[in-house]
Amino acid sequence: MILFKKAGDLHKWLDIQRKTGNQIGFVPTMGALHAGHISLIESSRKQNQVGVSSIFINPAQFNDPADFAKYPVTLEKDIAMLEEAGCAVLFLPSVREIYPGGFAETIHYDLGILEKVFEGEFRPGHFQGVCRVVHRLLDIVQPDNLYLGQKDYQQCMVITKLVELTAYSERTKVNISPTLREEDGLAMSSRNMRLTENERKIATEIFNCLSGIKQNFKPGDVQHLLVEARSRLTKAGFKTDYVAIADADDLSLIRVWDGRQPAVALVAAFLHEVRLIDNMLLT
Ligand code: AMP
């Protein structure tokens with residue numbers, strides 16, 4: 001695996017690859033890698049001649065400085081996992097390399113309703129920060145294929161929108177991979193490392209609630225499913241930001257399901273200091 005720290009060096013190297021006809025796949029991450037990330041890297045490796053991944057904990061997307069300060073860092077292990085997965089290139093930039101003009105220089109991305117609901121509502125500014133870093137990374141890597149995980153459902157929609165808003169709609173295909181889960185159903189996440197042994201056991205209740213919603217999802221009023229899930233999470237010790245059922249295509253709330261609308265259930269909840277998110281397609 002080749003490691004690049006400078007945007008200019010990576011850009012030049014990738015230009016040569018493109019000129020020789022090689023297709024480029026890209027997996028952006030914030031590190032603390034797990035099998036979920038590796039599943040994206042494997043898809044990228046299979047579908048492209050050159051697989052690039054990046055590790056960058058993006059300060060611009062953290063609305064809570066404590067969350068940023070405690071974000072897990074496991075660089076040596078990450079590098080070993082990437083090597084083993086056959087990743088060709090790792091981009092490991094500094095903050096200055098990503099934001100050469102500093103934080104003051106801002107573009108506003110018109111994300112519409114997408115940044116007003118769910119993660120957008122509870123993490124103000126988060127998706128603008130995600131767009132800033134992904135836009136910059138796209139400018140550096142200019143991939144043919146971009147790989148994202150369904151684990152971050154709303155983020156997938158935001159980045160798809162970013163690609164549409166920029167020239168990348170012509171160049172880059174967005175590929176969304178299913179959420180990888182632990183044996184007990186807990187969605188794999190870098191943040192799971194911050195859970196105590198007891199919290200780790202409780203954390204699976206998010207998956208159980210989502211599965212319960214899916215099993216009982218029928219046409220008609222669906223509010224009772226959310227009330228039940230919220231109370232179940234509260235009893236287990238969570239402080240929930242949201243438990244919701246939404247249109248899977250535009251994230252508008254579904255209160256009464258017509259039996260046809262594509263639907264997704266979404267959860268965000270804190271276990272003490274650790275905020276976990278998950279989702280499940282219902283249709
Ligand atoms: P992160 O490092 O958390 O920013 O995630 C980097 C990419 O990996 C994002 O596209 C995530 O959606 C994806 N990802 C994170 N967790 C999982 C998972 N459990 N299964 C599949 N993809 C995931």
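The values are calculated or read from the model by the stated rules, or taken from the named source; none is laboratory data. The model shown is predicted, which means the values in this text are computed figures rather than measured ones. Glycine gets a Cβ as well: all are built from the backbone with ideal geometry, and neighbour counts include every protein chain shown. Note: areas computed on protein heavy atoms with side chains; ligands, DNA, RNA excluded. Shrake-Rupley method; radii C 1.70, N 1.55, O 1.52, S 1.80 Å.
Using C-alpha pairs below 8 Å separated by at least 6 residues, the relative contact order for the stretch 90-236 is 16 percent. In the chain, the alpha-carbon atoms span a convex hull of 131 Å³ per residue. DSSP assigns beta bridges within the chain; of those with both partners inside it, close to 50 percent run antiparallel.
Along the axis of the charge dipole computed for the chain (Cβ charges of +1 for Lys and Arg, -1 for Asp and Glu, origin at the Cα centre), the listed residues Tyr99, Gly8, Cys131 are led at the positive end by Gly8. Between the alpha-carbon centers of the stretch 197-224 and the stretch 26-79, tell me the distance in whole angstrom. Comparing the Cα centres of the stretch 197-224 and the stretch 26-79, I get a distance of 27 Å.
Here Lys161 is the anchor, and the aspartates and glutamates within straight C-alpha reach of less than 20 Å, apart from those fewer than 8 places off in the same chain, are Asp110, Glu115, Glu119, Glu121, Asp139, Asp144, Asp152, Glu170, Asp247, Asp249, Asp250. If both residues of a DSSP beta bridge must be in the stretch 1-93, then about 0% of such bridges are antiparallel.
Just from its helices, what would the mean residue ellipticity at 222 nm be for the chain, if runs of 4 or more DSSP H residues each count -39500 (n - 2.57) and the sum is divided by every residue, rounded to the nearest 500 deg cm²/dmol? Mind showing how you got there, number by number?
Numbers: 11 runs with 110 residues, N = 283.
One gets -11500 deg cm²/dmol as the mean residue ellipticity at 222 nm.
For the stretch 216-283, applying the loop criterion from DSSP together with a ceiling of 13 other beta carbons within 10 Å to the trypsin sites (Lys or Arg not before Pro) yields Arg255, Arg260.
Ignoring ligands, DNA and RNA, what accessible area per residue does the stretch 117-193 give at 1.4 Å, in Å²? Before the final figure, lay out the partial values.
Working: 2990 Å² over 77 residues.
The answer is 39 Å² per residue.
Take every Cα-Cα pair in the stretch 1-89 and report what % of them are more than 15 Å apart. Each step should come with its number before you reach the end.
Values: 2397 of 3916 pairs.
Of all Cα-Cα pairs in the stretch 1-89, 61 percent lie more than 15 Å apart.
Could you name the lysines in cross-link range of Lys19, using Cα to Cα under 24 Å and dropping any fewer than eight places away on the same chain? Within the straight-line cut-off, Lys19 pairs with Lys5, Lys6, Lys46, Lys173.
Ignoring ligands, DNA and RNA, what percent of the accessible area of the chain is carbon or sulfur (1.4 Å)? Don't skip to the answer; put the middle values down first.
Details: 7000 of 13270 Å².
In the chain, the share of accessible area belonging to carbon and sulfur is 53 percent.
For the chain, the longest principal axis of the C-alpha atoms and the axis of helix 126-141 are separated by about 30°.
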